[in-house]
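One structure below.
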Amino acid sequence: APALVGILIVGSACGGDGSTDPNTPRAMAAVSPDSQTTAAGVKMAQPLVVLVTGGGGSPLANVPVEWTITAGGGSLSDTVSTTDAAGHAQTTYTPGTLPTIAGVTAENGSQKVVFRVVLVPGPPSALQKFGSDSPAAVVGSKLTLSVRLVDQFANAISGKVVNWTAAGGSVSAGTSTTDNGGVASVTYTLGSDPGTYSLTAASDGVPPTTFSVRAIP
């Protein structure tokens, strides 16, 4: 499952002359949840929503709100949206494909709200061979073989268990865990007879990956 993504709301500004006119935009505030679940490159499950109010705190309809991506890349469903009868304006953010800190700003005149979004890798998509694909070695040799777990945009996924199964020979451990680069490794010892040996790596949610190792005298 994708990791949780925190959204920190860092700005809300009021107009400048102190007017209490209920028909003039005086403030903007965020009404989206403080945290949502998302991943780099994946459309957010919930829109980003702001509330525009006039003097006295009354919600204002038909007020244009401009939305801008300030960091993290990606796209918005609307770059300008208009408040509804409840004073709400919204857009839906599809982040860029790289894990980073993204920012989306909502503005109307002097009012501004900035959403900061932490983009993290999405669900596992592939378990790739990392390093030699089909190595050859002398019988009885010890080899370090590695795989890399990535999401659909090739972002590394850490902290996931990889299970190792050998057809002939032996492995140093039945499982290993992906590191910050998404890589999991194991030491594989070939058998004493020449021939082709295989080592399979498997992790939940993705097809397994098999190394074929040719053992020579």
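Can you say whether Ala86 is more than 29 Å from the chain's Cα centre (by Cα) and farther than 30 Å from Asn163 by Cα, as far as the supplied structure shows?
Judged against the criteria, Ala86 is a match.
Quick one: Ser176 ticks every box in (1) part of a strand (DSSP E or B); (2) touching a residue at least 40 places away in the same chain (Cβ under 8 Å); (3) open to solvent by less than 60 Å² (accessible area, probe 1.4 Å) except a single one, so which number is it?
(2)
On the given criteria, is Gly122 part of a loop (DSSP other than H, G, I, E, B), open to solvent by less than 60 Å² (accessible area, probe 1.4 Å) and touching a residue at least 24 places away in the same chain (Cβ under 8 Å)? Please lay out each step first, then the result.
Numbers: part of a loop (DSSP other than H, G, I, E, B): yes; open to solvent by less than 60 Å² (accessible area, probe 1.4 Å): yes; touching a residue at least 24 places away in the same chain (Cβ under 8 Å): yes.
Judged against the criteria, Gly122 is a match.
Filter the range 179-192 down to the residues that are of a type outside the set (A, V, I, L, M) and in a strand (DSSP E or B), then identify the one that is farthest from Ala215 (Cα to Cα). Spell out how you get there, then give the answer.
To start, the set of residues in the range 179-192 that are of a type outside the set (A, V, I, L, M) comprises 179-182, 185, 187-189, 191-192.
Pick out the ones that are also in a strand (DSSP E or B) and you get 185, 187-189.
Numbers: Ser185: 20, Thr187: 15, Tyr188: 12, Thr189: 10 Å.
Step by step, filter the range 179-192, then rank; the result is Ser185.
Is it the case that some residue within the range 13-34 is open to solvent by 30 Å² or more (accessible area, probe 1.4 Å), modelled with pLDDT under 95 and within 30 Å of Ala156 (Cα to Cα)?
The answer is yes; a qualifying residue exists.
Do you know which residues across the range 125-169 are open to solvent by 60 Å² or more (accessible area, probe 1.4 Å), in a strand (DSSP E or B) and of a type in the set (Ser, Thr, Tyr)?
Correct list: Thr144, Thr165.
Starting from residues that are modelled with pLDDT under 95, under 21 Å from Thr100 (Cβ atoms) and outside any loop (DSSP other than H, G, I, E, B), keep the ones in the range 36-69 and report whichever is least open to solvent (accessible area, probe 1.4 Å).
Gln36
Considering only residues that are surrounded by 16 or more Cβ atoms within 10 Å (Cβ to Cβ) and assigned to a loop (DSSP other than H, G, I, E, B), which ones fall in the range 79-91?
Scanning the range 79-91 gives Thr83, Gly87.
Is it true that some residue in the range 99-117 is touching a Leu at 6+ places or on another chain (Cβ under 8 Å), touching a residue at least 24 places away in the same chain (Cβ under 8 Å), under 30 Å from Ala29 (Cβ atoms) and in a loop (DSSP other than H, G, I, E, B)?
Residues of the range 99-117 touching a Leu at 6+ places or on another chain (Cβ under 8 Å): 99-102, 104, 106, 115-116.
Within this subset, residues satisfying the condition of being touching a residue at least 24 places away in the same chain (Cβ under 8 Å) are 99-102, 104, 106, 115-116.
Add one more test, that the residue is under 30 Å from Ala29 (Cβ atoms), and what stays is 99-102, 104, 106, 115-116.
This time we only want the ones that are in a loop (DSSP other than H, G, I, E, B), so: 99-100.
Taking every residue of the range 99-117 in turn, at least one turns out to be touching a Leu at 6+ places or on another chain (Cβ under 8 Å), touching a residue at least 24 places away in the same chain (Cβ under 8 Å), under 30 Å from Ala29 (Cβ atoms) and in a loop (DSSP other than H, G, I, E, B).
Can you tell me which residues in the range 179-204 are more than 18 Å from Leu127 (Cβ to Cβ) and open to solvent by less than 60 Å² (accessible area, probe 1.4 Å)?
First pass over the range 179-204, keeping only residues more than 18 Å from Leu127 (Cβ to Cβ): 187, 189-197.
Residues satisfying the conditions are Thr187, Thr189, Leu190, Gly191, Gly195, Tyr197.
The values are calculated or read from the model by the stated rules, or taken from the named source; none is laboratory data. Quick caveat: nothing in here was measured; it's all calculated off a predicted structure. Neighbour counts run over all protein chains shown; Cβ positions are idealised from the backbone, glycine included. Surface accessibility is based on the protein's heavy atoms, side chains included, excluding ligands, DNA and RNA. Shrake-Rupley method; radii C 1.70, N 1.55, O 1.52, S 1.80 Å.
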